Amino acid sequence: MNSSSSANDFEATAAPTAPYGQTFDCQPSLTDRQVADFCREGYLILPSVVPDDINQMVVDYLDSVDDPVRQGTEPTPIMKQPWFVEGVLKNPQAVGAVRSLLGRNITLPVIISNHRGSLPNHSSGGWHRDGGTIYTHRLDYLQVFYYPEQCTPEMGPTEVLPGSHFLRAKANMMAHYGKIDRTVSTAAPAGSIFLTVYGIWHRRTRATVGPTGRSKFRNLLKYNYWRTTEPTRDWIIDPQFDFNSFHFITSTGVYFEQFQNAFDAAHLFCWLCGIGDQFQRLGGQCWPITSTVRDGTNQMGIPPALRTGSTED
Amino acid sequence: MQLEPVFGHYVPMATLHHQINDCIEKLKSGQLVEDDLRALLTSVDQRHRRKQSLLYIQTSSTRPEGEVVGMSIFEDGKDPDGIDTDGNFLYQTLEQAMDDGWRIIKFPEMVLAMDEQHNYGLGYEFILER
């Protein structure tokens, strides 16, 4: 395929059916610390994990369906392309992280969206959380994004507000927000994938550069994976990881009542470990806010399974 | 006579002071001319007959000197993100905004801060106008 590929070219390589919503399994790739980081920040960026040949085929495919009739904004039939399923949706590094967070037998997406941004675009998208968001200490699905081409800061990458998956707001009541301090840009090389908690605050930034790259657009695919099993701590366990000294407070903690986001992140982490019922918020200097305890001391209220010296799984 | 709306650039009070002092100095030296006074009049008109502008500032606490964590501005000719050409906030503090002619018309909504378990919205929001 090349930049002049047509939709017909891709029909020739399409499988008869797409694996919409099918379950699959793989090995987890995240450690205790990385899972806890995700609970705290609400996102994880995996730079350049998709090979260049796959990226180029994705871009060609997206260009070939770039009109409303062919659903350029929702090119879900790309899931009929085996190279897309294997190279992107089942990309080992990406699904290793997804598997770590959602457990065994995760489902493949049922729709694929493309945020195909024109270049340039002098206005930014408004801050929002995606429709369907609920605030919870469960993690039953993940919102995943994929840049098939390099997205530089000038091409209007999405920015996210770390920790905002616990910052309650209605999307329509966020529309007046402008610059927010301590946001993180997802500008990244081609083949980068980033995972988010579904309700994280995000927006497209303004694109100051003209038509760029192979596509001449900023393409950003978005899709969800779903959990099918009860949560359990079956990612890569680090016996040396100390839950007493881990800092659950995010860089945007100043936007919360003091320590509030640490409680939320720790509660989510406990739920992922399958010990959500052990989480308790005692009040005062309790776990997880007293991360400066010394000499292997357990914080007050830390769940038994996470205590230093615990033999529980 | 029907007044024509004047939606030019905002004229800060400091600029008016400067123009008036300049006229006083010219008056003292005998150099004041009609054009000086008409320029002053135009500035006064622009200041008083301008479309209302809005500024939202989110801070980390209810204290007006608190750290600014978010900003947006809805005023002709201004970047709605409330940033300067270097990408920094136009005002580092609420006080700086007030010095530039903004007046607070709404203080942070305290009802949202009463929930012990949850946080709502971005920080503590002051709404200003000029």
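The values are calculated or read from the model by the stated rules, or taken from the named source; none is laboratory data. Computed from a prediction, not measured in an experiment: that's the story for all the values here. Counting neighbours? That spans all protein chains shown, and the Cβs are built from the backbone with ideal geometry, glycine included.
For region A:263-291, a residue qualifies if it is more than 19 Å from the chain's Cα centre (by Cα), surrounded by fewer than 23 Cβ atoms within 10 Å (Cβ to Cβ) and of a type outside the set (A, V, I, L, M, F, W, C), and the qualifying residues are A:Gly274, A:Gly276, A:Asp277, A:Gln278, A:Gln280, A:Arg281, A:Gly283, A:Gly284, A:Gln285, A:Thr290, A:Ser291. Filter region A:162-203 down to the residues that are of a type in the set (Ser, Thr, Tyr), in contact (Cβ under 8 Å) with a residue 60 or more places away in the chain and under 25 Å from B:Gly87 (Cα atoms) and list them by number. Across region A:162-203, the qualifying residues are A:Ser164, A:Thr186. Within region A:163-189, being within 9 Å of another protein chain (Cβ to nearest Cβ), closer than 20 Å to A:Leu268 by Cβ and buried (at least 18 other Cβ atoms within 10 Å of the Cβ) holds for A:Ser164, A:Phe166, A:Leu167, A:Ala169. Restricting region B:83-104 to residues that are part of a strand (DSSP E or B) and more than 14 Å from chain A (Cβ to nearest Cβ) leaves a set whose member that is farthest from B:Pro64 (Cα to Cα) is B:Arg103. Please verify whether B:Leu55 is outside any loop (DSSP other than H, G, I, E, B), more than 9 Å from chain A (Cβ to nearest Cβ), surrounded by fewer than 18 Cβ atoms within 10 Å (Cβ to Cβ) and of a type outside the set (Gly, Ala, Ser), treating the condition exactly as stated. For B:Leu55, the condition - outside any loop (DSSP other than H, G, I, E, B), more than 9 Å from chain A (Cβ to nearest Cβ), surrounded by fewer than 18 Cβ atoms within 10 Å (Cβ to Cβ) and of a type outside the set (Gly, Ala, Ser) - is not met. Annotation note: of A:Gly274, A:Gly213, the sole residue that is modelled with pLDDT of 95 or more and on the phi > 0 side of the Ramachandran plot is A:Gly274. The set of residues from region B:105-130 being crowded, with 16+ Cβ neighbours inside 10 Å, more than 9 Å from chain A (Cβ to nearest Cβ) and without any contact (Cβ under 8 Å) to a residue 24 or more places away in the chain is empty.
Out of A:Val160, A:Val98, one residue alone is closer than 17 Å to A:Trp201 by Cβ, away from every other protein chain (no Cβ under 11 Å) and buried (at least 23 other Cβ atoms within 10 Å of the Cβ). It is A:Val160. Against the conditions (1) more than 14 Å from chain B (Cβ to nearest Cβ); (2) assigned to a loop (DSSP other than H, G, I, E, B); (3) within 16 Å of the chain's Cα centre (by Cα), A:Val110 satisfies every one except (3).
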